[in-house]
Amino acid sequence: MGRRRTAGRHGTAPTRPPAARRLVTAATGAYLANCLWGTAVAVRVIRTRKLRVVHHGLFVVTAALTGAAATTPLWTRDRTALFLLPALVPLAVAPRTDPRAGAHWKVAVAAAPSYLGALLARGRRGG
């Protein structure tokens, strides 16, 4: 008889690919950092006359990581990142809203449930 293959080491369940977990975590971290920076600017804790590029840079990193994480179901078996797909809509709309209007932060906050869902699903399934 051939060697029996188990799902994981010593018969444990297979673990999720670390790349998918890391991308979901990194995208969520970038989103939180971006929200915190934007909130600090909005309540005038931070003055951004010379630092405006920080928020824009954080946004680019957030969008890139979220986009990359959302593709992980295509190249891994991990489906957690599917929660991030709805977050792509607010990420696409936010740059087109006026930061001085109330719509900007509302659109940005609309992505929060997607990131929270991805983190909770990641943790629930052994991440």
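The values are calculated or read from the model by the stated rules, or taken from the named source; none is laboratory data. Owing to the predicted nature of the structure, the values given are computational and were not obtained by experimental measurement. All Cβ positions, even for glycine, are placed from backbone atoms using ideal geometry, and neighbour counts span all protein chains on display.
Here's the yes/no breakdown for (1) in contact with a helix residue (DSSP H, G or I) (Cβ under 7 Å, 6 or more places away or on another chain); (2) assigned to a helix (DSSP H, G or I):
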position	(1), (2)
T25	no, yes
T48	yes, no
A81	yes, yes
L91	yes, yes
A94	yes, yes
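When you look at T25, is it among the polar types (S, T, N, Q), within 11 Å of the chain's Cα centre (by Cα) and either modelled with pLDDT of 55 or more or more than 30 Å from P99 (Cα to Cα) (or both), yes or no? Criteria met by T25.
Got a sec? Which of A33, A13 is at pLDDT 80 or above and on the phi < 0 side of the Ramachandran plot? Reasoning before the result, please.
Working: A13 fails: at pLDDT 80 or above.
The conditions single out A33.
Cβ-Cβ contacts under 6 Å between residues 6 or more apart (or on different chains), taken from a first residue in region 99-118 that is free of Cβ contacts under 8 Å to residues at least 60 places away in the same chain to a second residue that is part of a helix (DSSP H, G or I) and among the β-branched types (V, I, T), are listed as V107/V93.
Any idea which residue in region 79-127 is modelled with the lowest pLDDT, counting only those that are among the small types (G, A, S) and surrounded by fewer than 16 Cβ atoms within 10 Å (Cβ to Cβ)?
Going residue by residue through region 79-127, those that are among the small types (G, A, S) are 81, 87, 92, 94, 101-103, 108, 110-112, 114, 117-118, 121, 123, 126-127.
Checking the rest, the ones that are also surrounded by fewer than 16 Cβ atoms within 10 Å (Cβ to Cβ) come to 92, 101-103, 112, 123, 126.
Numbers: A92: 95, A101: 80, G102: 83, A103: 89, A112: 95, G123: 70, G126: 51.
Ranking the qualifying residues of region 79-127, first place goes to G126.
Applying the condition of being polar (S, T, N, Q) and not in a helix (DSSP H, G or I) to region 68-78 and asking which residue is surrounded by the most Cβ atoms within 10 Å (Cβ to Cβ) yields T76. Residues that are touching a Pro at 6+ places or on another chain (Cβ under 6 Å) and hydroxyl-bearing (S, T, Y) within region 37-87 comprise just one, T76. Scanning region 44-64 finds one or more residues that are hydroxyl-bearing (S, T, Y), touching a Leu at 6+ places or on another chain (Cβ under 8 Å), surrounded by 14 or more Cβ atoms within 10 Å (Cβ to Cβ) and at pLDDT 95 or above.
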